[in-house]
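The values are calculated or read from the model by the stated rules, or taken from the named source; none is laboratory data. What you see is a predicted model, and the numbers here were worked out from it, not measured in a lab. We place every Cβ from the backbone using ideal geometry, glycine too, and count neighbours over all the protein chains shown. To get the accessible areas, we keep the full protein, side chains included, count just its heavy atoms, and leave off ligands, DNA and RNA. Shrake-Rupley method; radii C 1.70, N 1.55, O 1.52, S 1.80 Å.
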Amino acid sequence: MTQSIVVQVGQCGNQVGCRFWDLALREHAHVNKKGIYDEALSSFFRNVDTRANDGEGSDIAGGKIRSLKARAILIDMEEGVVNEILQGPLRDVFDSTQLITDVSGSGNNWAVGHKVYGSVYRERITERVRKAMEYCDCLQCFFLIHSMGGGTGSGLGSCVLSLLEEEFPEISRIVTAVYPSGEDDVITSPYNSVLAMRELTEHADCVLPVENQSLVDIVNKIRHMASTTKPGSVIKKDGTLISGQGGVTKSEKPFDAMNNIVANLLLNLTSSARFEGSLNMDLNEITMNLVPFPRLHYLVSSLTPLYTLADVNIPTRRLDQMFTDAFSKDHQLIRADPKHSLYLACALMVRGNVQVSDLRRNIERLRPSLPFVSWNQEGWKTGLCSVPPVGHSHSLLALANNTCVKPTFIDLKDRFIKLYKKKAHLHHYLHVEGMEQGYFTEAISSLSSLIEEYSQLDATKRLLIPDASRLSIAT
Amino acid sequence: MSIVTVQLGQCGNQIGQELFDVITSDTNEAQRYKLSVEGKAYGVCSQERFFHDELTGELSARAVLIDMEPKVITQTMATAAKSGRWKYGDRSFFCQKQGSGNNWANGFCVHGPRHEEAVGDLVRREVERCDRLAGILTLMSVAGGTGSGVGTYITQCLRDTYPHSLILNQLTWPYGTGEVIVQNYNSILTLSHLYQCSDAILVHENDTVHRICAQLMNIKHISFSDVNKVIAHQLGSVLQPAHTQSTCSQYSRNPIGELMATLVCHPEYRLLGLCSIPQMPSSSLAYSAFTWPGLLKHLRQMLISSTKMEEGIDWQVQATAVGQRTADKCGGFNTSMANLLILRGKDVSSADARGFLDPALYSPWLPAEGAFSTWRSAIPFNRYEKSATLVSNSQSLLKPLDHMVGKAWNMFASRAYVHQYTKFGISEEDFLDSFTCLEQVLSSYRHL
Ligand SMILES: Nc1nc2c(ncn2[C@@H]2O[C@H](COP(=O)(O)OP(=O)(O)OP(=O)(O)O)[C@@H](O)[C@H]2O)c(=O)[nH]1
Ligand SMILES: Nc1nc2c(ncn2[C@@H]2O[C@H](COP(=O)(O)OP(=O)(O)OP(=O)(O)O)[C@@H](O)[C@H]2O)c(=O)[nH]1
Ligand SMILES: [Mg+2]
Ligand SMILES: [Mg+2]
């Protein structure tokens, strides 16, 4: 089995990362009743004998679980968030060698994160990553988590991304990027996001964009449904996809409900690589199947069931509803409508008691209503993992490479241009050593051409494209 | 003589486990059979073919398990051991930590060469355990990266190492509506390369088998294990002992050799399809009675109308004598190159298979005699009182192959996903070579 390393950067990255570790521990504790350190656990955790006196402990290959350490690197340029984690219930999962902090933050300035902290911390970050790699016998993937709107996550985070590409090119890089909503309190978030996007487009193997507004909407809808339960329709409160219950962290902080959703995205994304199933989907299959052209690697995700209603009691109907929901607007983790845009490719990652016939039936049923690009009319990738999430009998993560990401990007571009036309706040960036105006122009043109690439594909949607005429051979 | 099975990738390993399971349970059943002498000979022959005895007296499959990730092999070996009837050799597997990621090029250009030696050693060990080798059977899917890419590479190596042994590649073709997005690329790369080094390619289409599970076996929630049981049943019905025309009173010792002698007489034509009847839930078997004329009539119509299961057979299609074939009369008619019929069960000697000898079934430019053989065994197979399996080298795979090549070509025209292959050393020219090879195969079958 392979291992992955999570690199969480900035406030958002660390808060989301924490929810991930909490839920991952809960999931493994639920599956692994014997307390044995197994292959599944080894993908994200080390098993450490802390009695060894070298300070870091030594790894134990199998046997009883001693002390689990997350394969994580926590980076923030202020101390608050990371300190809170170290004082919280997850403190034993990390040790000081996994942390990189500074005191003053990047002040919502991409240039400070990317240029200033990037050059100061580059060596140290590389060294920490190498250290984490030494504990892996077959490292497969880096998961990078950060927000796009702030300074540290977007600036230093995207610097870490290109560092990973340079130093460890054969290890794939999957980025979970939290996009700011339109009413974001960070005024410079459009700058930061666009500057970071160029890095993501050029250096990531794939990106899972998540929009805060969508997370808010989902959380509100869940709360609303929980409070207005009709008789006979009871919402399941303990479903993992929506709650953090059962984890070691008890009190809920403002972002926690939203971050649980993102954490679940990552859990479901990696479940088939960790647990067995009748149709495994390894992490390297994600890019292979969903990225037809290197730059177009933004995958829209949706998780179901989110609003588990107990009144849909017929098992197959509930199951089919799960598939239907995965394509509806209000289950997407960005504000987008995949059904009315163009699919380049789509993956269905199913967990729990679901068979290949359930998959076939639902794909046949949904296919006619979903527009696929002409050269990938059967563009489905499927995975069946037999271990469901805690509290559910089954779940589905849909990943779509779909032109519906375009509006989010256009929106971002518009907000960027609005600021940039007035040169608002620009001097804060240009003051930073190594930062030039060229970064802005190149970033915006990178985004524009990305949007253009999606547009060109989108334009083929309603056209009847004839099959390419076949090779003729001498007979 | 013995067969060494090489199971590759998730699909190949999961199917292999079901195959050995069917074989052992069928053999156990046969030994209880009332013609005890015959039953015993059947058992001895089958065991020599597929198993060797461990010192402990356990049956150990003559098989090698290969995957680039550990989970499937761990599960497959455990499931086999749980059966209590047979197991895999403790050291006859090879796995790595990380799969080929559905990338044929990764399997073929990276994993294959890197592990050639280790895999070659495992196969050699099995081969050396056989008194005589009848041939090598590989099991793999074409859609993923390991079975298809590593499987193709290993087949090439086996061809070099065992130039005089027969290699039969059993391939599972993906569901048409997709499970792997690059499945058509992986499929064409596999098929075009195997066409150069395999002796015969035996195809199961997941769509067809799935329909058999749904409509004939009446399974509501079809799992891969259900699908694999059907595939294993069909394979077992071919590979279990039978009397061939040349062996008459004895069980044939070389099923793969005789199968190829009948079915593959021209290198341009090596795609074999398979259909079996009857297929039904085991709970209904006790209440069903079949006659040989009835079974063979259905099977013959399935052949000429290219219906791959006993349901929705088109009875309009007729075999027309060669001179009278016209475009409209041939509509839907499936021309054969060669056919092999395997009959098992009660009163098998009375079954009249002459309907398959009709020259009208075969390509006009080939002598019809020699294009058809029958194997028989009086021992019922896998609890079916009577059963018939037809292995045919005909146009029946033309349509699915044409779809596969067409879809791959469409994708290739936009160059989508090609960068994932060039990364590992498969160039656009390599793709073009594969397309050319398969267009040639298609054209040959079309003009049968
Ligand atoms: N979903 C989610 N979004 C968050 C969280 N924390 C911050 N954000 C969002 O992230 C953006 C701000 O970025 P932060 O991650 O706070 O900034 P940072 O990376 O720490 O950078 P600096 O604070 O500038 O050094 C805003 O869009 C916030 O709404 C969180 O825990 N969850
Ligand atoms: N009939 C059948 N088909 C299967 C089974 N498992 C996988 N498949 C099919 O095989 C294809 C996927 O290939 P796999 O065999 O899973 O891939 P692999 O050879 O392990 O290669 P990688 O996982 O890419 O390294 C799809 O077309 C599946 O439908 C199975 O148990 N039975
Ligand atoms: Mg901060
Ligand atoms: Mg596999």
In region A:271-296, anything more than 7 Å from chain B (Cβ to nearest Cβ) and within 19 Å of A:Glu170 (Cβ to Cβ) is listed as A:Ala273, A:Leu283, A:Ile286, A:Thr287, A:Val291
Counting only residues in region A:421-475 that are basic (Lys, Arg) and surrounded by 10 or more Cβ atoms within 10 Å (Cβ to Cβ), the one nearest to the other protein chains (Cβ to nearest Cβ) is identified as A:Arg470
In region B:46-72, anything closer than 22 Å to B:Ile379 by Cα and open to solvent by less than 20 Å² (accessible area, probe 1.4 Å) is listed as B:Ser46, B:Arg49, B:Phe50, B:Phe51
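If the requirement is being open to solvent by 10 Å² or more (accessible area, probe 1.4 Å), in contact (Cβ under 8 Å) with a residue 60 or more places away in the chain and more than 18 Å from A:Val112 (Cα to Cα), which of these qualifies: A:Val373, A:Val387, A:Val405?
On the way: A:Val373 fails: open to solvent by 10 Å² or more (accessible area, probe 1.4 Å); A:Val405 fails: open to solvent by 10 Å² or more (accessible area, probe 1.4 Å).
That would be A:Val387, the only listed residue that is open to solvent by 10 Å² or more (accessible area, probe 1.4 Å), in contact (Cβ under 8 Å) with a residue 60 or more places away in the chain and more than 18 Å from A:Val112 (Cα to Cα).
Select from region B:122-178 the residues that are in a loop (DSSP other than H, G, I, E, B), hydroxyl-bearing (Ser, Thr, Tyr), open to solvent by 20 Å² or more (accessible area, probe 1.4 Å) and out of contact with any strand residue (DSSP E or B) (no Cβ under 6 Å at 6 or more places or on another chain) and list them in ascending order.
As a first pass, look at region B:122-178 and keep what is in a loop (DSSP other than H, G, I, E, B): B:130-132, B:142-145, B:162-166, B:174-178.
Filter once more, so that each one left must be hydroxyl-bearing (Ser, Thr, Tyr): B:162, B:165, B:175, B:177.
Checking the rest, the ones that are also open to solvent by 20 Å² or more (accessible area, probe 1.4 Å) come to B:162, B:165.
If the condition is that a residue be in a loop (DSSP other than H, G, I, E, B), hydroxyl-bearing (Ser, Thr, Tyr), open to solvent by 20 Å² or more (accessible area, probe 1.4 Å) and out of contact with any strand residue (DSSP E or B) (no Cβ under 6 Å at 6 or more places or on another chain), then B:Tyr162 is the only one that fits.
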Across (1) among the aromatic types (Phe, Trp, Tyr); (2) crowded, with 22+ Cβ neighbours inside 10 Å; (3) under 30 Å from A:Ala226 (Cα atoms), A:Phe323 clears everything bar (2)
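Here is a list: B:Lys220, B:Lys229. Which entry is modelled with pLDDT of 95 or more, more than 16 Å from ligand 3 (Cβ to nearest atom) and either out of contact with any strand residue (DSSP E or B) (no Cβ under 7 Å at 6 or more places or on another chain) or among the hydroxyl-bearing types (Ser, Thr, Tyr) (or both)? Lay out the reasoning, then the answer.
Working: B:Lys220 fails: modelled with pLDDT of 95 or more.
None of the others qualify; the one that does is B:Lys229.
Residues checked against (1) polar (S, T, N, Q); (2) free of Cβ contacts under 8 Å to residues at least 40 places away in the same chain; (3) buried (at least 24 other Cβ atoms within 10 Å of the Cβ):
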position: A:Gly149; (1), (2), (3): no, no, yes
position: A:Thr152; (1), (2), (3): yes, no, yes
position: A:Leu163; (1), (2), (3): no, no, no
position: A:Ile171; (1), (2), (3): no, yes, no
position: A:Ser189; (1), (2), (3): yes, no, yes
Checked region A:194-250 for anything among the aliphatic types (A, V, I, L, M), assigned to a loop (DSSP other than H, G, I, E, B) and modelled with pLDDT of 95 or more; matches are A:Ala204
Of the residues in region A:390-402 that are more than 13 Å from chain B (Cβ to nearest Cβ) and open to solvent by less than 10 Å² (accessible area, probe 1.4 Å), the one that is nearest to A:Val31 (Cα to Cα) is A:Ser395
With the structure loaded, tell me whether A:Val103 is within 16 Å of ligand 3 (Cβ to nearest atom), open to solvent by 40 Å² or more (accessible area, probe 1.4 Å), assigned by TED's automatic domain parsing to the domain that holds A:Gly13 and part of a helix (DSSP H, G or I) or whether it fails that test. no
The condition from (1) touching a residue at least 60 places away in the same chain (Cβ under 8 Å); (2) open to solvent by less than 10 Å² (accessible area, probe 1.4 Å) that B:Gly43 misses is numbered (1)
Considering region B:208-229, residues that are in a helix (DSSP H, G or I) and at the interface with another protein chain (Cβ under 9 Å from one of its Cβ atoms), and then whichever is nearest to ligand 1 (Cβ to nearest atom), we arrive at B:Phe224
Might you check whether a residue that is surrounded by 15 or more Cβ atoms within 10 Å (Cβ to Cβ) and within 16 Å of ligand 2 (Cβ to nearest atom) occurs anywhere in region A:2-13? yes
### Verdict on A:Cys159 being surrounded by 17 or more Cβ atoms within 10 Å (Cβ to Cβ), closer than 27 Å to A:Glu211 by Cβ, touching a Lys or Arg at 6+ places or on another chain (Cβ under 8 Å) and within 14 Å of chain B (Cβ to nearest Cβ)
no
Next item on the list: Check region A:344-355 and report whether any residue there is outside the structural domain of A:Val178 (by TED's automatic domain parsing), out of contact with any strand residue (DSSP E or B) (no Cβ under 6 Å at 6 or more places or on another chain) and open to solvent by less than 10 Å² (accessible area, probe 1.4 Å).
Entry: no
| task | Restrict the check to region A:121-140 and report whether at least one residue is crowded, with 22+ Cβ neighbours inside 10 Å, part of a strand (DSSP E or B) and not polar (S, T, N, Q). | result | yes
Log entry, pairs with first residue in region B:65-79 being modelled with pLDDT of 95 or more, second being surrounded by 20 or more Cβ atoms within 10 Å (Cβ to Cβ) and basic (Lys, Arg), beta carbons closer than 9 Å, six or more apart or on different chains, reads B:Met77/B:Lys87
Restricting attention to region B:386-439, the residues that are surrounded by fewer than 21 Cβ atoms within 10 Å (Cβ to Cβ), in a helix (DSSP H, G or I), polar (S, T, N, Q) and at the interface with chain A (Cβ under 10 Å from one of its Cβ atoms) number exactly 2
Can you say whether A:Gly157 is over 18 Å from the mean Cα position of the chain (by Cα), part of a helix (DSSP H, G or I), modelled with pLDDT of 95 or more and within 13 Å of ligand 3 (Cβ to nearest atom), as far as the supplied structure shows?
no
Check whether at least one residue in region B:363-383 is part of a helix (DSSP H, G or I) and crowded, with 21+ Cβ neighbours inside 10 Å, and report yes or no. no
Counting only residues in region B:122-177 that are away from chain A (no Cβ under 14 Å) and of a type in the set (Phe, Trp, Tyr), the one nearest to ligand 1 (Cβ to nearest atom) is identified as B:Tyr153
Being away from ligand 2 (no atom under 16 Å from the Cβ), under 18 Å from the mean Cα position of the chain (by Cα), more than 25 Å from A:Leu164 (Cα to Cα) and not polar (S, T, N, Q) narrows A:Asp49, A:Asp22, A:Asp38 down to just A:Asp22
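I'm trying to understand the selection: among the residues of region B:78-100, which are in a helix (DSSP H, G or I), more than 14 Å from chain A (Cβ to nearest Cβ) and open to solvent by 50 Å² or more (accessible area, probe 1.4 Å)? Break it down into steps so the answer makes sense when it comes.
At the first step, the residues of region B:78-100 found to be in a helix (DSSP H, G or I) are B:78-83.
This time we only want the ones that are more than 14 Å from chain A (Cβ to nearest Cβ), so: B:80-83.
The answer is B:Ala81, B:Lys82.
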